[in-house]
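Working notes, beginning with the structure itself.
No lab work stands behind these numbers, since they all come straight from the coordinates. The structure presented is a predicted model; accordingly, all values stated were derived computationally and were not measured. Cβ atoms come from the backbone with ideal geometry, glycine included; neighbour counts cover every protein chain shown.
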Amino acid sequence: MQLLITGGTGFIGGSLVRSLLKDGYKITVISRQRPEQVKNKVSPDINVVSSMAAIDQSDVFDAVINLAGEGIMDKRWSISRKKALEDSRIALTSELVDLLERMSNRPKLLISGSAIGYYGSHSATEVLNESNSPGNDFAASLCQRWEQAAQRASSFGVKVIIVRTGVVLHPAGGALAKMLPGFRLGMGGPIADGKQMMSWIHREDMVRLLLFLLKTPGLEGIYNATAPNPVSNRDFTRSLAAALHRPALIPVPAMALRIALGESSQLLTEGQAVYPERLTEAGFSFNYPELQEALKDLLS
C-alpha cells in the first residue's frame, strides 16, 4: 500500500513511519525539512516531498495520515502563536483536503489528528467518551475547527477517521521528556491541587492504534487515543516519582504557571478523564492500560 503522511518526522509520526515500513508500506512524507535531513532522521526508505504542491494529481495513495501540527505547549499563546497553531492544523488540513479533492484517484481513507482538548475541562468524576460535546475554550475551538477541516473529505467519498489524542508518553519527547529532568533531581510534584485528570497513552500503543485504524475494515468517525485508565495529576506525579525512585514533594502553584505560561497554563491546571470507548468496542487491546506498567517500560 502507498501512504501519504504529514507530520511524519514528529514525535509520533516518526515512530509510526518506521513501523509502517516494517509492515511493507511505501511511504511519502510531506516535510519542509530537506529530504536528506528527513531520511537521516526517520528512514532512508521513504519518499520526501517539500510541499503539497509537489504531489501530482495523478499520484495514487491508498490512504493519507495527517499528523502535522506545532506543539500546543511549546510557546506562550500570543496572538501570533495562536495563528501559528491554527495554520499548522486547520489551514494545513484544509490544504490537504483540497489536494485530495483534486486527485484523479482519491485515497479511500484519511486518518487525521485531533486532541482531547476538544472536550474542554471537566471534573474528575465525569468520564468522557467520543459522544461528548466540545468545550468552549481556545483549545477546544482549535480542535473542533481542525476536525471540521478534515471531515470535509467525506463529502467527496473519502472515509474519515479523527483521532483525539491524549498525553503521549515517551522519554524521547512530549510531556514526559519535559518532566523528567526535574523529577530525576527530586524536584517534581503535583500541579496546583493535583486533582485535575490526565488522560495519557504510551507511545507504543499510540502507534499501534493508528495501525489498527488503518488496517481494520469498516472503521470510521471519532476515536479517543487514550489509555482506558486516566489518573489524577497527583497520582501521575506519585507514579512517575516512584518509577524514578525519587520523592515528589514540591508542588507547582497554579498562579506561577499562569504568570509563566498565560492562557495555555489551563492545559496543565485543568483536565479531563477520557475513555477510549469506540476503540475498545472495535476490538483494540492496549499493551499498557495501566500507568505504572507504562512508566516501568518507558523508564527501566
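What to note about this one:
- Unit charges on C-beta of K, R, D, E only; dipole of the chain, Debye: 680 debye
- Ranked for footprinting exposure by Cβ neighbours inside 10 Å, fewest first, Thr93, Thr216 give Thr216, Thr93.
- Positive-end residue of Gly7, Pro253, Val97, charge dipole of the stretch 2-299 with Cβ unit charges: Pro253
- Trypsin sites (Lys or Arg not before Pro) lying in DSSP loop within the stretch 1-91, provided at most 13 other Cβ fall within 10 Å: Arg32, Arg76
- Ordering Val127, Trp77, Ile111 by the projection of their Cα atoms onto the charge dipole of the stretch 75-149, which places +1 on the Cβ of Lys and Arg and -1 on the Cβ of Asp and Glu, puts Trp77 at the extreme positive end.
- Charged neighbours of Glu293, selected by a Cβ distance under 13 Å, balance to -3 (K, R count +1; D, E count -1).
- Structural descriptor for the stretch 2-299: relative contact order 18 percent, calculated from alpha carbon pairs under 8 angstrom and at least 6 residues apart.
- Close amide H pairs (under 5 Å, H built 1.01 Å from N) link Leu169 with Ile201, His202, Arg203, residues at least 5 positions away or on another chain.
- Charge dipole of the chain about the Cα centre (unit charges at C-beta), most positive-ward option of Ser239, Ala149, Gly24: Ser239
- The loop-placed GluC sites (Glu not before Pro) in the stretch 266-300, going by DSSP, that have at most 16 neighbouring Cβ atoms within 10 Å of their Cβ come out as Glu290.
- Value of [θ]222 nm, deg cm²/dmol, for the chain, DSSP H segments ≥ 4, -39500 (n - 2.57) each, nearest 500: -10500 deg cm²/dmol
- Nonlocal amide H pairs with Ile191, under 5 Å, H built at 1.01 Å: Val252
- Each residue of the stretch 111-124 was assigned a 3J(HN,Hα) from its phi angle through the Karplus expression (A = 6.51, B = -1.76, C = 1.60, θ = phi - 60°), giving 9, 10, x, 8, 8, 6, x, 3, 7, x, 8, 9, 6, 5 Hz with x at Gly and Pro.
- Working note: Karplus 6.51/-1.76/1.60 with θ = phi - 60° gives the stretch 287-300 the couplings 6, 10, x, 10, 4, 4, 5, 4, 5, 4, 5, 6, 10, 7 Hz, where Gly and Pro are set to x.
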